[in-house]
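Take a look at the structure set out below.
The values are calculated or read from the model by the stated rules, or taken from the named source; none is laboratory data. The structure presented is a predicted model; accordingly, all values stated were derived computationally and were not measured. Cβ coordinates were reconstructed from backbone atoms using ideal geometry, including for glycine residues, and neighbour counts include every protein chain displayed.
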Amino acid sequence: MTDKQIQEWQEKVRQSYGDESKLFEYLFETMDNFYYRYLETTTDKNLKTVPLAPHLWGARTSEGSMVDALKIENPAAKKGIIELAKSVPKAQGPRVQYELLADVEELTVDHGEIIFVSSINWGFPDFEDKSKQLKKTVTFKYQDLAQFRKELALKLEEACSIFL
């Protein structure tokens, strides 16, 4: 590609993502795809990004099937889920909670910063005990639209690695 072709392509991309609302739309659609891959449970399907607080978007879900919850390979989470399954009778409906959040510090065509937080929480029933929770935080800073589009899914994949 010549320099002129590159500039024309960059301008075309800029126009298609020209305002903040289109950037948010792209972010949310990408996150929705990750919910399908990592957060859907036996009872929670078709998850969508929702506002949770100012500048905070994401999805929370819970898994009531301990057999399915134990498919997570992360050693710390697996150990906690095993403890939950052993200590809480099935009749009490033990659950494991999952979430993927995006804390949007800044989102513009020229630059931005998003902090992705994924978590697995086996602190049933109130999910308040921080020692029964595994979190992963990934900071995504970009300096132009091309970097945003290229690296967004990679950063989400990194954040979701705790669900494997």
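Descriptive notes on the structure:
- Single residue of the range 81-108 satisfying the filter (of a type in the set (Val, Ile, Thr) and surrounded by fewer than 17 Cβ atoms within 10 Å (Cβ to Cβ)) that is nearest to the chain's Cα centre (by Cα): 108
- Failed item, numbered, when residue 114 is tested on (1) within 30 Å of residue 21 (Cβ to Cβ); (2) touching a Pro at 6+ places or on another chain (Cβ under 8 Å); (3) among the aliphatic types (A, V, I, L, M): (2)
- Of residues in the range 113-130 being within 18 Å of the chain's Cα centre (by Cα) and in contact (Cβ under 8 Å) with a residue 40 or more places away in the chain, the one farthest from residue 38 (Cα to Cα): 114
- Within the range 1-28, the set of residues being of a type outside the set (Phe, Trp, Tyr), at pLDDT 70 or above and closer than 18 Å to residue 108 by Cβ comprises 20, 21, 22, 23, 25, 27.
- Any hit, the range 101-118, residues being at pLDDT 95 or above, farther than 28 Å from residue 25 by Cβ and among the polar types (S, T, N, Q): no
- Beta carbons closer than 8 Å, at least 6 apart along the sequence or on distinct chains, pair a first residue in the range 90-101 that is closer than 15 Å to residue 48 by Cβ with a second that is part of a helix (DSSP H, G or I) and of a type in the set (Gly, Ala, Ser) for 100/159.
- Hits in the range 125-155 - residues which are out of contact with any strand residue (DSSP E or B) (no Cβ under 6 Å at 6 or more places or on another chain) and more than 22 Å from residue 95 (Cβ to Cβ): 143, 144, 145, 146, 147, 149, 150, 151, 152, 153, 154
- Top-ranked residue of the range 119-145 - restricted to ones that are in contact with a helix residue (DSSP H, G or I) (Cβ under 7 Å, 6 or more places away or on another chain) and of a type in the set (A, V, I, L, M, F, W, C), ranked as surrounded by the most Cβ atoms within 10 Å (Cβ to Cβ): 122
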